[in-house]
Amino acid sequence: MPSACLQGIEEKKMKEEVQSALNDIRPSLQADGGDVELVDVEDGIVKVRLTGACGGCPMSQMTPKQGIEAYVRKKIPEIVSVESV
């Protein structure tokens, strides 16, 4: 199998794992009227968008780093960071 194809499969698997981790976190965000959307995973960097009440919350700068990133990196050690876009 060509390496580009393998890389595509690995990226898809990584996105699925990240989405699963975000699904674990989602109920906590929804309880506060917000949510998180996976935008992309590239080179170990997860890009998310906070929506609803989380999008305009004063804590929205800290949530991706201290909340989401800590959990995602614990579940998926290959992740380098989580950034809000």
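Given a 1.4 Å probe and every protein chain left where it sits, what share in percent of the accessible area of region 41-83 is carbon and sulfur? Don't skip to the end; give the middle numbers.
Numbers: 1340 of 2520 Å².
Answer for region 41-83 is 53 percent, counting heavy atoms of protein chains only.
What is the Cα convex hull volume of the chain when expressed per residue in Å³? Walk me through the intermediate numbers first.
On the way: hull volume 6.6 nm³, N = 85.
That works out to 78 Å³ per residue.
Once phi is turned into ³J(HN,Hα) by the Karplus curve 6.51 cos²θ - 1.76 cosθ + 1.60 with θ = phi - 60°, what whole-Hz value does each residue of region 44-60 show in order, with x for glycine and proline?
x, 10, 9, 10, 10, 10, 7, 10, x, 4, 5, x, x, 5, x, 7, 4
Just to confirm the filter: which GluC sites (Glu not before Pro) across the chain are DSSP coil and have at most 15 other Cβ within 10 angstrom of their Cβ? Working shown, then result.
On the way: sites: E10, E11, E16, E17, E37, E42, E69, E78, E83; in loops: E78.
Those satisfying the criteria are E78.
Using the Cα centre as the reference, give the magnitude of the dipole from point charges on the C-beta atoms of the chain (Lys, Arg: +1; Asp, Glu: -1; all else neutral), rounded to the nearest 20 debye. Display every interim value, and only then the final one.
Values: 10 positive and 14 negative charges, 33 e Å.
Using Cβ point charges on Lys, Arg, Asp and Glu, the chain gives about 160 debye.
Rounded to the nearest 500 deg cm²/dmol, what is the calculated helix-only ellipticity per residue at 222 nm for the chain, with -39500 (n - 2.57) per DSSP H run of length n ≥ 4?
Values: 3 runs with 39 residues, N = 85.
That comes out to -14500 deg cm²/dmol.
Roll a 1.4 Å probe over the protein chains and send me the accessible area per residue for the chain in Å². Before the final figure, lay out each step's value.
On the way: 5340 Å² over 85 residues.
Accessible surface, normalised per residue, equals 63 Å².
Against the longest alpha carbon principal axis of the chain, how many degrees, from 0 to 90 and to the nearest 10, is the axis of helix 3-31 turned?
Result, in degrees: 20.
How would I79, I9, I25, I45 rank on accessible area, largest to smallest, probe 1.4 Å?
Numbers: I79 0, I9 90, I25 25, I45 50 Å².
The ordering from most to least exposed comes out as I9, I45, I25, I79.
So what is the relative contact order for the chain, in percent, with contacts set as C-alpha pairs under 8 Å and at least six apart?
Values: 102 pairs, mean separation 23.2, N = 85.
Once divided by the residue count of the chain, the mean separation gives 27 percent.
The values are calculated or read from the model by the stated rules, or taken from the named source; none is laboratory data. Quantities reported herein were computed from a predicted structural model and do not represent experimental measurements. Neighbour counts run over all protein chains shown; Cβ positions are idealised from the backbone, glycine included. When the accessible area is computed, the model is the full protein with side chains, heavy atoms only, and any ligands, DNA or RNA have been set aside. Shrake-Rupley method; radii C 1.70, N 1.55, O 1.52, S 1.80 Å.
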